[in-house]
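Trainee: Before I ask anything, here is the structure I am working with.
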Ligand code: ADP
Ligand code: UDP
(Lines give C-alpha, C1' and ligand atoms only; values in the text may rest on other atoms or scores of the structure.)
(Ligands and ions follow the chains in the order given, each with its own letter.)
Protein backbone atom coordinates (compact mmCIF):
# COMPACT_ATOMS: atom_id res chain seq x y z
CA UNK A 1 0.00 0.00 0.00
CA UNK A 2 1.43 3.32 -1.11
CA UNK A 3 0.61 6.79 0.27
CA UNK A 4 -0.35 9.26 -2.46
CA UNK A 5 -1.33 12.95 -2.56
CA UNK A 6 -3.22 14.83 0.14
CA UNK A 7 -6.92 14.85 -0.64
CA UNK A 8 -8.12 17.12 2.15
CA UNK A 9 -6.70 18.97 5.15
CA UNK A 10 -9.26 19.32 7.93
CA UNK A 11 -8.92 21.11 11.24
CA UNK A 12 -7.37 18.14 13.05
CA UNK A 13 -6.68 15.45 10.46
CA UNK A 14 -5.28 15.23 6.96
CA UNK A 15 -6.60 12.71 4.46
CA UNK A 16 -4.36 11.05 1.84
CA UNK A 17 -5.15 8.93 -1.17
CA UNK A 18 -3.48 5.54 -1.54
CA UNK A 19 -2.83 3.28 -4.52
CA UNK A 20 -6.02 1.45 -3.54
CA UNK A 21 -9.06 3.42 -4.77
CA UNK A 22 -11.08 2.10 -1.81
CA UNK A 23 -8.62 3.09 0.93
CA UNK A 24 -7.43 6.38 2.45
CA UNK A 25 -4.85 7.27 5.08
CA UNK A 26 -5.96 9.47 7.99
CA UNK A 27 -3.15 11.48 9.59
CA UNK A 28 -4.01 12.71 13.10
CA UNK A 29 -2.24 16.03 13.72
CA UNK A 30 -1.64 17.83 17.04
CA UNK A 31 -3.88 20.71 15.94
CA UNK A 32 -6.78 21.21 18.34
CA UNK A 33 -9.67 23.39 17.31
CA UNK A 34 -12.76 24.76 19.01
CA UNK A 35 -15.66 27.04 18.18
CA UNK A 36 -15.96 25.84 14.55
CA UNK A 37 -12.24 26.36 13.93
CA UNK A 38 -12.07 29.89 15.30
CA UNK A 39 -9.51 28.79 17.90
CA UNK A 40 -6.67 26.43 16.97
CA UNK A 41 -3.69 25.34 19.10
CA UNK A 42 -1.06 22.62 18.96
CA UNK A 43 -1.13 20.12 21.81
CA UNK A 44 1.84 17.74 22.15
CA UNK A 45 1.03 14.03 21.64
CA UNK A 46 -2.62 14.71 20.70
CA UNK A 47 -2.33 13.22 17.21
CA UNK A 48 -0.79 10.02 18.53
CA UNK A 49 -3.22 9.65 21.45
CA UNK A 50 -6.32 10.24 19.27
CA UNK A 51 -5.09 7.93 16.51
CA UNK A 52 -4.55 5.05 18.96
CA UNK A 53 -7.72 5.85 20.93
CA UNK A 54 -9.76 5.88 17.73
CA UNK A 55 -8.23 2.57 16.56
CA UNK A 56 -9.13 0.92 19.88
CA UNK A 57 -12.72 2.22 19.88
CA UNK A 58 -13.37 1.46 16.20
CA UNK A 59 -12.20 -2.13 16.72
CA UNK A 60 -14.50 -2.53 19.75
CA UNK A 61 -17.42 -1.19 17.67
CA UNK A 62 -16.63 -3.42 14.71
CA UNK A 63 -16.55 -6.44 17.07
CA UNK A 64 -19.99 -5.38 18.34
CA UNK A 65 -21.41 -5.36 14.80
CA UNK A 66 -21.03 -1.68 13.84
CA UNK A 67 -19.48 -1.38 10.35
CA UNK A 68 -16.54 1.04 10.64
CA UNK A 69 -14.01 2.56 8.28
CA UNK A 70 -11.08 1.23 10.33
CA UNK A 71 -8.63 -1.05 8.59
CA UNK A 72 -5.31 -0.86 10.50
CA UNK A 73 -2.86 1.37 12.34
CA UNK A 74 0.06 2.46 10.17
CA UNK A 75 2.13 4.19 12.85
CA UNK A 76 1.79 6.60 15.77
CA UNK A 77 -0.21 9.19 13.85
CA UNK A 78 -1.72 7.37 10.88
CA UNK A 79 -4.27 4.71 10.10
CA UNK A 80 -5.64 3.10 6.96
CA UNK A 81 -9.41 3.44 6.47
CA UNK A 82 -12.11 2.67 3.93
CA UNK A 83 -12.67 5.57 1.55
CA UNK A 84 -16.19 6.84 2.20
CA UNK A 85 -18.42 9.32 0.45
CA UNK A 86 -19.10 11.33 3.61
CA UNK A 87 -22.64 12.40 4.48
CA UNK A 88 -22.26 16.04 5.66
CA UNK A 89 -24.31 15.48 8.78
CA UNK A 90 -23.15 15.13 12.38
CA UNK A 91 -25.15 12.65 14.46
CA UNK A 92 -25.12 13.57 18.16
CA UNK A 93 -26.34 11.24 20.90
CA UNK A 94 -26.73 12.63 24.41
CA UNK A 95 -27.19 10.81 27.72
CA UNK A 96 -26.78 13.89 29.94
CA UNK A 97 -27.34 17.57 29.13
CA UNK A 98 -24.23 19.58 28.26
CA UNK A 99 -22.83 21.98 25.66
CA UNK A 100 -25.17 23.37 23.02
CA UNK A 101 -28.23 21.58 24.48
CA UNK A 102 -27.80 23.48 27.75
CA UNK A 103 -27.48 26.77 25.84
CA UNK A 104 -30.40 26.05 23.52
CA UNK A 105 -32.92 24.82 26.10
CA UNK A 106 -31.62 26.45 29.27
CA UNK A 107 -31.54 23.15 31.16
CA UNK A 108 -29.00 22.33 33.85
CA UNK A 109 -25.70 20.78 32.83
CA UNK A 110 -25.62 17.15 33.94
CA UNK A 111 -29.39 16.59 33.76
CA UNK A 112 -29.94 12.90 32.93
CA UNK A 113 -31.84 12.51 29.67
CA UNK A 114 -34.33 9.67 29.80
CA UNK A 115 -34.14 8.25 27.27
CA UNK A 116 -31.09 9.51 25.37
CA UNK A 117 -31.61 12.09 22.62
CA UNK A 118 -30.55 11.90 18.97
CA UNK A 119 -29.81 15.13 17.07
CA UNK A 120 -28.54 16.11 13.63
CA UNK A 121 -26.28 19.03 12.70
CA UNK A 122 -25.18 20.10 9.25
CA UNK A 123 -21.38 19.79 8.94
CA UNK A 124 -20.64 23.31 7.75
CA UNK A 125 -18.22 25.44 9.81
CA UNK A 126 -19.01 28.62 7.83
CA UNK A 127 -22.65 28.30 8.94
CA UNK A 128 -21.70 27.28 12.50
CA UNK A 129 -22.83 23.64 12.08
CA UNK A 130 -26.58 24.45 12.32
CA UNK A 131 -29.12 22.19 14.04
CA UNK A 132 -31.24 20.39 11.41
CA UNK A 133 -33.76 17.56 11.28
CA UNK A 134 -34.38 14.50 9.11
CA UNK A 135 -36.59 16.35 6.63
CA UNK A 136 -33.79 18.84 5.84
CA UNK A 137 -31.36 15.99 5.17
CA UNK A 138 -33.74 14.40 2.66
CA UNK A 139 -35.04 17.66 1.11
CA UNK A 140 -31.55 18.99 0.44
CA UNK A 141 -30.24 15.61 -0.73
CA UNK A 142 -27.54 15.20 1.95
CA UNK A 143 -28.82 11.69 2.58
CA UNK A 144 -31.83 9.46 2.00
CA UNK A 145 -34.53 8.49 4.49
CA UNK A 146 -33.16 4.92 4.42
CA UNK A 147 -29.62 6.12 5.14
CA UNK A 148 -30.91 8.19 8.07
CA UNK A 149 -32.66 5.18 9.57
CA UNK A 150 -29.39 3.25 9.42
CA UNK A 151 -27.34 6.17 10.81
CA UNK A 152 -29.69 6.46 13.78
CA UNK A 153 -29.73 2.71 14.38
CA UNK A 154 -25.90 2.58 14.32
CA UNK A 155 -25.57 5.70 16.53
CA UNK A 156 -27.77 4.09 19.19
CA UNK A 157 -25.79 0.85 18.97
CA UNK A 158 -22.57 2.86 19.46
CA UNK A 159 -24.17 4.50 22.51
CA UNK A 160 -25.07 1.12 23.99
CA UNK A 161 -21.61 -0.38 23.44
CA UNK A 162 -19.56 2.65 24.50
CA UNK A 163 -21.69 3.69 27.49
CA UNK A 164 -20.88 0.26 28.96
CA UNK A 165 -17.19 0.40 27.98
CA UNK A 166 -16.68 3.83 29.58
CA UNK A 167 -18.84 2.97 32.60
CA UNK A 168 -16.55 0.02 33.32
CA UNK A 169 -13.64 2.51 33.26
CA UNK A 170 -15.37 4.79 35.80
CA UNK A 171 -16.51 7.32 33.18
CA UNK A 172 -19.89 8.70 32.11
CA UNK A 173 -20.41 8.96 28.37
CA UNK A 174 -22.27 12.28 28.40
CA UNK A 175 -22.60 12.82 24.64
CA UNK A 176 -20.78 12.20 21.37
CA UNK A 177 -20.75 13.06 17.67
CA UNK A 178 -20.50 10.56 14.81
CA UNK A 179 -20.04 10.98 11.07
CA UNK A 180 -21.10 8.36 8.56
CA UNK A 181 -20.28 7.81 4.91
CA UNK A 182 -21.23 5.54 2.03
CA UNK A 183 -18.72 2.85 1.01
CA UNK A 184 -18.25 1.70 -2.58
CA UNK A 185 -20.68 -1.19 -1.99
CA UNK A 186 -23.41 1.31 -1.00
CA UNK A 187 -23.40 0.47 2.71
CA UNK A 188 -23.44 3.06 5.52
CA UNK A 189 -20.17 2.94 7.46
CA UNK A 190 -18.97 4.83 10.55
CA UNK A 191 -16.23 7.25 9.46
CA UNK A 192 -14.11 10.08 10.83
CA UNK A 193 -13.03 9.32 14.42
CA UNK A 194 -14.11 8.53 17.94
CA UNK A 195 -11.85 10.23 20.47
CA UNK A 196 -12.14 12.62 23.45
CA UNK A 197 -12.21 15.40 20.83
CA UNK A 198 -15.72 14.42 19.76
CA UNK A 199 -17.38 13.23 22.96
CA UNK A 200 -17.88 14.29 26.56
CA UNK A 201 -16.59 12.04 29.33
CA UNK A 202 -16.97 12.81 33.03
CA UNK A 203 -15.28 10.95 35.86
CA UNK A 204 -18.07 9.10 37.68
CA UNK A 205 -16.63 9.71 41.14
CA UNK A 206 -15.57 13.37 40.88
CA UNK A 207 -17.40 14.76 37.84
CA UNK A 208 -14.04 15.87 36.39
CA UNK A 209 -14.23 16.64 32.65
CA UNK A 210 -11.88 14.32 30.74
CA UNK A 211 -12.56 15.47 27.15
CA UNK A 212 -12.19 18.42 24.80
CA UNK A 213 -14.18 20.68 27.13
CA UNK A 214 -10.85 20.97 29.02
CA UNK A 215 -9.56 22.81 25.92
CA UNK A 216 -12.80 24.70 25.16
CA UNK A 217 -13.08 25.92 28.75
CA UNK A 218 -9.34 26.52 29.36
CA UNK A 219 -9.20 23.94 32.18
CA UNK A 220 -5.64 22.77 31.32
CA UNK A 221 -4.08 19.27 31.25
CA UNK A 222 -6.04 18.38 28.12
CA UNK A 223 -3.85 15.58 26.81
CA UNK A 224 -3.08 14.33 30.32
CA UNK A 225 -6.85 13.74 30.70
CA UNK A 226 -7.07 11.99 27.29
CA UNK A 227 -4.14 9.77 28.33
CA UNK A 228 -5.80 8.91 31.62
CA UNK A 229 -8.97 7.86 29.79
CA UNK A 230 -6.86 5.76 27.38
CA UNK A 231 -5.03 4.11 30.29
CA UNK A 232 -8.25 3.28 32.10
CA UNK A 233 -9.65 1.64 28.95
CA UNK A 234 -6.40 -0.24 28.32
CA UNK A 235 -5.59 1.53 25.03
CA UNK A 236 -1.93 0.80 24.23
CA UNK A 237 -0.26 4.23 23.69
P1 LIG B 1 -12.92 18.82 9.72
O2 LIG B 1 -13.24 18.54 8.28
O3 LIG B 1 -14.15 18.89 10.57
O4 LIG B 1 -12.01 19.96 9.92
P5 LIG B 1 -10.92 16.74 10.31
O6 LIG B 1 -9.73 17.59 10.54
O7 LIG B 1 -11.14 15.64 11.28
O8 LIG B 1 -12.30 17.51 10.32
O9 LIG B 1 -10.80 16.20 8.82
C10 LIG B 1 -11.10 14.95 8.46
C11 LIG B 1 -12.02 14.99 7.26
O12 LIG B 1 -12.00 13.74 6.62
C13 LIG B 1 -13.46 15.30 7.63
O14 LIG B 1 -14.00 16.21 6.69
C15 LIG B 1 -14.15 13.95 7.51
O16 LIG B 1 -15.52 14.07 7.14
C17 LIG B 1 -13.32 13.27 6.43
N18 LIG B 1 -13.28 11.81 6.57
C19 LIG B 1 -13.19 11.13 7.73
N20 LIG B 1 -13.17 9.81 7.52
C21 LIG B 1 -13.26 9.64 6.18
C22 LIG B 1 -13.32 8.48 5.34
N23 LIG B 1 -13.26 7.25 5.85
N24 LIG B 1 -13.45 8.67 3.99
C25 LIG B 1 -13.52 9.93 3.47
N26 LIG B 1 -13.45 11.06 4.23
C27 LIG B 1 -13.33 10.91 5.58
N1 UDP C 1 -19.08 17.75 18.58
C2 UDP C 1 -18.05 17.51 17.72
N3 UDP C 1 -17.88 18.33 16.63
C4 UDP C 1 -18.71 19.37 16.38
C5 UDP C 1 -19.77 19.62 17.28
C6 UDP C 1 -19.93 18.79 18.38
O7 UDP C 1 -17.28 16.57 17.90
O8 UDP C 1 -18.51 20.07 15.37
C9 UDP C 1 -19.28 16.87 19.75
C10 UDP C 1 -18.93 17.54 21.07
O11 UDP C 1 -17.59 17.26 21.43
C12 UDP C 1 -19.90 16.89 22.04
C13 UDP C 1 -21.12 16.54 21.17
O14 UDP C 1 -20.66 16.55 19.82
O15 UDP C 1 -19.35 15.67 22.53
C16 UDP C 1 -22.26 17.53 21.32
O17 UDP C 1 -21.77 18.83 21.09
P18 UDP C 1 -22.69 20.10 21.32
O19 UDP C 1 -23.82 20.07 20.36
O20 UDP C 1 -23.06 20.16 22.76
O21 UDP C 1 -21.82 21.33 20.89
P22 UDP C 1 -20.56 22.08 21.52
O23 UDP C 1 -20.82 22.30 22.96
O24 UDP C 1 -19.41 21.20 21.24
O25 UDP C 1 -20.54 23.34 20.72
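Trainee: As an exercise: evaluate residue 142 against (1) surrounded by fewer than 16 Cβ atoms within 10 Å (Cβ to Cβ); (2) away from ligand 2 (no atom under 13 Å from the Cβ) and give the number of the one condition it does not meet.
Mentor: Going through (1) surrounded by fewer than 16 Cβ atoms within 10 Å (Cβ to Cβ); (2) away from ligand 2 (no atom under 13 Å from the Cβ) one by one, residue 142 breaks only (1).
Trainee: Let me ask something else. Could we say that residue 189 is touching a residue at least 60 places away in the same chain (Cβ under 8 Å) and either within 14 Å of ligand 1 (Cβ to nearest atom) or not in a helix (DSSP H, G or I) (or both) here?
Mentor: Working: touching a residue at least 60 places away in the same chain (Cβ under 8 Å): yes; either within 14 Å of ligand 1 (Cβ to nearest atom) or not in a helix (DSSP H, G or I) (or both): yes.
In short, yes.
Trainee: Say we look at region 57-82 and pick out the residues that are out of contact with any helix residue (DSSP H, G or I) (no Cβ under 9 Å at 6 or more places or on another chain) and crowded, with 20+ Cβ neighbours inside 10 Å; which of these is nearest to residue 203 (Cα to Cα)?
Mentor: 58
Trainee: Considering only residues that are free of Cβ contacts under 8 Å to residues at least 12 places away in the same chain and in a helix (DSSP H, G or I), which ones fall in region 101-125?
Mentor: Of the residues in region 101-125, the ones free of Cβ contacts under 8 Å to residues at least 12 places away in the same chain are 102-103, 105-108, 114-115.
Scanning region 101-125 gives 102, 103, 105.
Trainee: Kindly establish whether residue 201 is under 16 Å from the mean Cα position of the chain (by Cα) and surrounded by fewer than 22 Cβ atoms within 10 Å (Cβ to Cβ). Steps first, please.
Mentor: Working: under 16 Å from the mean Cα position of the chain (by Cα): yes; surrounded by fewer than 22 Cβ atoms within 10 Å (Cβ to Cβ): no.
Taking the combined requirement at face value, the residue does not satisfy it.
Yes/no matrix, rows are residues, columns are (1) closer than 16 Å to residue 229 by Cβ; (2) assigned to a strand (DSSP E or B); (3) within 11 Å of ligand 1 (Cβ to nearest atom):
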residue: 15; (1), (2), (3): no, yes, yes
residue: 48; (1), (2), (3): yes, no, no
residue: 53; (1), (2), (3): yes, no, no
residue: 59; (1), (2), (3): no, no, no
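Trainee: Condition first: more than 17 Å from the chain's Cα centre (by Cα) and either loosely packed, with under 13 Cβ neighbours inside 10 Å or closer than 19 Å to residue 182 by Cβ (or both). Now tell me which residues in region 87-108 satisfy that.
Mentor: Hits for region 87-108 are 103, 104, 105, 106, 108.
Trainee: Evaluate the following for residue 158: is it in a helix (DSSP H, G or I), at pLDDT 95 or above, buried (at least 22 other Cβ atoms within 10 Å of the Cβ) and on the phi < 0 side of the Ramachandran plot?
Mentor: On the way: in a helix (DSSP H, G or I): yes; at pLDDT 95 or above: yes; buried (at least 22 other Cβ atoms within 10 Å of the Cβ): yes; on the phi < 0 side of the Ramachandran plot: yes.
So residue 158 fits the description; yes.
Trainee: Going through 148, 173, 165 one at a time, which residue ends up being touching a helix residue (DSSP H, G or I) at 6+ places or on another chain (Cβ under 9 Å), in a helix (DSSP H, G or I) and closer than 22 Å to residue 228 by Cα?
Mentor: On the way: 148 fails: closer than 22 Å to residue 228 by Cα; 173 fails: in a helix (DSSP H, G or I).
Going through 148, 173, 165 in turn, the sole match is 165.
The values are calculated or read from the model by the stated rules, or taken from the named source; none is laboratory data. Please read these numbers as outputs of a predicted model, since none were measured by experiment. Every residue, glycine among them, receives a Cβ derived from its backbone with ideal geometry; neighbour counts consider all protein chains shown.
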